[in-house]
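Below is one structure, written out as structure tokens; the observations come after it.
Every number in this text was worked out from the coordinates using simple rules, so none of it is lab data. Since this is a predicted model, take the numbers as computed values, not measurements. Here Cβ is always computed from backbone atoms with ideal geometry, including for glycine, and neighbour counts include all displayed protein chains.
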Amino acid sequence: MAKKSGITNAYETLPKVVKILLQIFLGAFIGGIYRIIRFFETGKVLTLVAGLLTLFTGVGNAIAWVADLVTELLFNRITVLAD
């Protein structure tokens with residue numbers, strides 16, 4: 001796994017309840033921003049593309065919101081197209 005910056009590490013260390021509430025209410029924006037930050041950590045272009053599509057398209061936003069909520073519940077972190 002790539003070295004985590006302070007921002008993604010701070011998000012991942014939040015309590016699970018807080019992250020679930022954030023995903024429910026702000027998940028569409030958090031998911032896109034999280035993926036863009038992960039791009040700068042890992043250098044994977046697919047992560048950047050997924051982050052931009054999540055932020056700027058309605059369908060990508062809805063799909064990522066659901067995927068991120070499910071992965072937060074199951075794995076306690078955003079995993080789909082974020083590594």
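A few points about this structure:
- All-pairs alpha carbon distance profile, the chain, 5 Å steps from 0, percent: 3, 18, 29, 28, 18, 5, 0
- Charging the Cβ of each Asp and Glu at -1 and of each Lys and Arg at +1, and nothing else, the dipole of the chain about its Cα centre rounds to 140 debye.
- Per-residue 3J(HN,Hα) values for the stretch 68-74, derived from phi via the Karplus relation 6.51 cos²θ - 1.76 cosθ + 1.60 with θ = phi - 60°, read 5, 5, 5, 5, 5, 5, 7 Hz in sequence order (x marks Gly and Pro).
- Of the trypsin sites (Lys or Arg not before Pro) found in the chain, those that fall in a DSSP loop while having at most 11 other beta-carbon atoms within 10 Å are LYS3.
- Phi angles across the stretch 44-55 convert, under the Karplus curve 6.51 cos²θ - 1.76 cosθ + 1.60 with θ = phi - 60°, into 3J(HN,Hα) values of 7, 5, 4, 5, 5, 4, 4, x, 5, 5, 5, 6 Hz, Gly and Pro given as x.
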